[in-house]
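Worksheet for the structure shown next.
The values are calculated or read from the model by the stated rules, or taken from the named source; none is laboratory data. It should be emphasised that the depicted structure is a prediction, and the values quoted were computed from it without experimental measurement. Methodologically, a virtual Cβ is constructed for each residue, glycine included, from the backbone with ideal geometry; neighbour enumeration extends over all protein chains shown.
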Amino acid sequence: MHPSLQALLTLVPALTLATAFAAPVAPAASRDAAAPDSRSALIVVDVQNCFVEGGSLPVKDGLAIVPLINRLAPAFDNIVVTQDWHTPGHASFASSHAGKKPFETTAMPYGTQVLWPDHCVQGSGDAALVKDLKLPTAQLIIRKGFHQGVDSYSAFEEADHRTSTGLAAYLKARGIATVYVVGLATDFCVAWTALDARKAGFRTFVIEDATRAIDLNGSLAASMAAMRKAGVQVIRSSAIAAP
Ligand SMILES: [Zn+2]
């Protein structure tokens with residue numbers, strides 16, 4: 001669990017209520033302020049069959065973001081794709097822990113782990129990228145979650161907060177200063193990716209309407225609060241591409 005997100009999750013009931021009734025709406029970034037340039041990259045997180053309708057861990061309304069991501073893609077010279085890519089019997093699966101059910105948690109050496117249904121197993125059709133994605137300038141696929149005992153939500157580092165995917169160095173070697181994060185799910189892999197992007201020093205946008213959330217026990221509100229606190233700018237796709 002990302003430390004700041006973990007701290008916030010302990011406050012979930014209060015946070016959920018506070019957010020439901022009192023959270024100010026963030027001002028929309030102007031089109032110029034949010035416009036990508038040649039030093040920008042789009043990170044498309046886990047838009048895979050497993051996470052959309054018909055998959056093993058479907059995020060509600062997940063397919064709806066695909067046309068939107070396709071519309072955003074031409075604005076980016078640099079696109080990175082991530083793919084959740086688990087070994088069979090992975091430690092993040094509830095089925096690997098006796099007596100545990102999906103969406104319960106367990107203590108792992110690196111922190112609290114949400115246990116998921118078996119999902120995105122390497123080489124399965126379930127783990128494939130959604131076929132309607134059109135990302136002509138995508139050059140790099142980061143596969144994550146393939147170390148048997150460690151989950152990996154973030155595109156930048158595994159959940160042990162020690163094992164790097166190499167993405168920050170890749171982006172810096174290519175002169176990237178700003179990243180835009182879209183995909184699934186807002187409150188897990190998108191949020192952790194955006195938080196780690198900030199930690200690595202990138203100007204970071206999350207394009208909110210090009211994400212969908214799981215929202216487990218208030219996780220969406222907690223993740224949005226953590227992202228805003230870390231300086232992630234949450235914008236709408238209309239700030240970049242005309243609808
Ligand atoms: Zn996973």
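Return yes or no: is residue 211 among the β-branched types (Val, Ile, Thr), surrounded by fewer than 18 Cβ atoms within 10 Å (Cβ to Cβ), touching a helix residue (DSSP H, G or I) at 6+ places or on another chain (Cβ under 9 Å) and touching a residue at least 40 places away in the same chain (Cβ under 8 Å)?
no
What's the number of the only condition in (1) assigned to a helix (DSSP H, G or I); (2) at pLDDT below 95 that residue 216 fails to meet?
For residue 216, the exception is condition (1).
Would you say residue 231 is in contact (Cβ under 8 Å) with a residue 24 or more places away in the chain and touching a Pro at 6+ places or on another chain (Cβ under 9 Å)?
No.
Output the number of the condition that residue 193 fails; it satisfies all remaining conditions of (1) surrounded by fewer than 23 Cβ atoms within 10 Å (Cβ to Cβ); (2) touching a residue at least 40 places away in the same chain (Cβ under 8 Å); (3) under 25 Å from residue 70 (Cβ atoms).
(1)
What pairs come out if I take residues in region 78-94 that are within 12 Å of the ligand (Cβ to nearest atom) and pair them with residues that are at pLDDT below 95 and of a type in the set (Asp, Glu) whose C-beta lies under 6 Å away, six or more apart or interchain?
Note: pairs meeting the criteria are 92/151.
On the given criteria, is residue 146 buried (at least 17 other Cβ atoms within 10 Å of the Cβ) and among the hydrophobic types (A, V, I, L, M, F, W, C)?
Against the criterion (buried (at least 17 other Cβ atoms within 10 Å of the Cβ) and among the hydrophobic types (A, V, I, L, M, F, W, C)), residue 146 does not qualify.
So residue 154 clears everything in (1) within 12 Å of the ligand (Cβ to nearest atom); (2) without any contact (Cβ under 8 Å) to a residue 24 or more places away in the chain except one condition, right? Which one?
(2)
Which count do you get for residues in region 125-140 that are within 15 Å of the ligand (Cβ to nearest atom) and surrounded by fewer than 16 Cβ atoms within 10 Å (Cβ to Cβ)?
1
Checking residue 155 against (1) assigned to a loop (DSSP other than H, G, I, E, B); (2) surrounded by fewer than 18 Cβ atoms within 10 Å (Cβ to Cβ), which test does it fail?
Condition (2) is where residue 155 drops out.
Which of the residues belonging to region 137-165 are of a type in the set (Lys, Arg) and more than 14 Å from the chain's Cα centre (by Cα)?
162 - this is the single residue of region 137-165 that is of a type in the set (Lys, Arg) and more than 14 Å from the chain's Cα centre (by Cα).
Among the residues of region 76-124, how many are more than 16 Å from the chain's Cα centre (by Cα), of a type in the set (A, V, I, L, M, F, W, C) and not in a loop (DSSP other than H, G, I, E, B)?
5
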